[in-house]
1. List pairs: first in segment 76-95 and without any contact (Cβ under 8 Å) to a residue 60 or more places away in the chain, second assigned to a helix (DSSP H, G or I) and among the hydroxyl-bearing types (Ser, Thr, Tyr), Cβ under 6 Å, 6+ apart or cross-chain?
2. Name, by its number, the condition in (1) open to solvent by less than 40 Å² (accessible area, probe 1.4 Å); (2) part of a loop (DSSP other than H, G, I, E, B); (3) not β-branched (Val, Ile, Thr) that does not hold for residue 115.
3. Considering only segment 143-158, state which residues are open to solvent by less than 10 Å² (accessible area, probe 1.4 Å) and either farther than 21 Å from residue 75 by Cβ or in contact with a strand residue (DSSP E or B) (Cβ under 8 Å, 6 or more places away or on another chain) (or both).
4. Does segment 1-35 hold any residues that are closer than 17 Å to residue 66 by Cα, among the charged types (D, E, K, R) and under 23 Å from the mean Cα position of the chain (by Cα), and which are they?
5. Looking only at segment 178-195, count how many residues are surrounded by 12 or more Cβ atoms within 10 Å (Cβ to Cβ), without any contact (Cβ under 8 Å) to a residue 12 or more places away in the chain and of a type outside the set (A, V, I, L, M).
6. Any residue at all in segment 72-81 that's modelled with pLDDT of 95 or more, within 21 Å of residue 7 (Cβ to Cβ) and part of a loop (DSSP other than H, G, I, E, B)?
7. Take the residues of segment 120-142 that are open to solvent by less than 40 Å² (accessible area, probe 1.4 Å) and not in a helix (DSSP H, G or I): which is nearest to residue 193 (Cα to Cα)?
8. With the condition kept exactly as written, say whether any residue in segment 159-182 is part of a helix (DSSP H, G or I), over 30 Å from residue 72 (Cα atoms), under 15 Å from the mean Cα position of the chain (by Cα) and modelled with pLDDT of 95 or more.
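The values are calculated or read from the model by the stated rules, or taken from the named source; none is laboratory data. No experiment lies behind these values; they were computed from the predicted model shown. In this analysis, Cβ positions are derived from the backbone assuming ideal geometry, glycine residues included, and neighbour counts consider all displayed protein chains. For the accessible areas, the whole protein counts, side chains as well, though only heavy atoms, and no ligand, DNA or RNA atoms are used. Shrake-Rupley method; radii C 1.70, N 1.55, O 1.52, S 1.80 Å.
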Amino acid sequence: MKEAELYKELGKLTKEKDKWKDSIPYVSSLLKHESVKIQAKALWLLAEMGLEYSESVKDSIPDIVSFFESSEPILRERALNALGRIGRADYKLIEPYWKDMFRFATDEEPNVRLSFIWASENIATNTPDIYSEHMSVFERLLHDQNDKVRMESPEIFRVLGKRRPELVLPYLDLLQEISETDENRVVRIHSLGAIKATGMRSNP
């Protein structure tokens, strides 16, 4: 099957959620496809499948993690996203690889750093306590040079603020400053949202 036809087939499968569980082995096999576009699509689909059927994608996780070493930024992005979604459903499945994800906080590609934050938000949704010793990593991302990264970085503080506000407490003054002074409107809004999520300041 040609790349375009296969990509279209995967796009159709994306909408056919009733077929996801049975399709996991097939989609996983496409991680070895020669096309980066197909690999990226397969990773994205496995991420969504993994959120719904985490145990069924268990055997595919090592193959997903292998893309951490890819020279293609989009494949690193998608691998992180997949671990985030699977980890949101069942952290234990991705626990052996969780610490390794933190190296992408300083990846040279902004979109990979963005995906690291997004994946962390997913995992923190149901497993917040594991981030207690790693908040400084996200603090540095609040100062990232890339606007998209800075727009997303307050969101991990919002997610954690709802669940473990004590983890965000040391950063309230910084988030307050960013919410008032950052030149990017979305960064300001997201920073304010993170403060409000903690419930510690009614009128930040």
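1. Close Cβ pairs (under 6 Å, with a partner that is assigned to a helix (DSSP H, G or I) and among the hydroxyl-bearing types (Ser, Thr, Tyr)) amount to 77/115; 80/115; 81/115; 86/54; 88/125; 89/54; 90/54; 93/54.
2. Going through the list (1) open to solvent by less than 40 Å² (accessible area, probe 1.4 Å); (2) part of a loop (DSSP other than H, G, I, E, B); (3) not β-branched (Val, Ile, Thr), residue 115 breaks only (2).
3. First, pick out the residues of segment 143-158 that are open to solvent by less than 10 Å² (accessible area, probe 1.4 Å): 149, 153-154, 156-157.
Of everything in segment 143-158, those that are open to solvent by less than 10 Å² (accessible area, probe 1.4 Å) and either farther than 21 Å from residue 75 by Cβ or in contact with a strand residue (DSSP E or B) (Cβ under 8 Å, 6 or more places away or on another chain) (or both) turn out to be 153, 154, 156, 157.
4. The answer is 32, and nothing else.
5. Looking only at segment 178-195, we keep the residues that are surrounded by 12 or more Cβ atoms within 10 Å (Cβ to Cβ), and these are 178-179, 182, 184, 186-195.
Checking which are without any contact (Cβ under 8 Å) to a residue 12 or more places away in the chain leaves us with 188-189.
Narrowing further to those that are of a type outside the set (A, V, I, L, M): 188.
Number satisfying all stated conditions: 1.
6. Taking segment 72-81 first, the residues modelled with pLDDT of 95 or more are 72-81.
Okay, now just the ones that are also within 21 Å of residue 7 (Cβ to Cβ), so 72-79, 81.
Next cut, part of a loop (DSSP other than H, G, I, E, B) only: 72.
The answer is yes; a qualifying residue exists.
7. Once the filter is applied, the top-ranked residue is 142.
8. Restricting attention to segment 159-182, the residues satisfying the condition of being part of a helix (DSSP H, G or I) are 159-163, 165-181.
Keeping just the survivors that are over 30 Å from residue 72 (Cα atoms) gives 160-163, 165-181.
Narrowing further to those that are under 15 Å from the mean Cα position of the chain (by Cα): 160.
Now narrow it down to the ones that are modelled with pLDDT of 95 or more: 160.
Yes, because at least one residue in segment 159-182 is part of a helix (DSSP H, G or I), over 30 Å from residue 72 (Cα atoms), under 15 Å from the mean Cα position of the chain (by Cα) and modelled with pLDDT of 95 or more.
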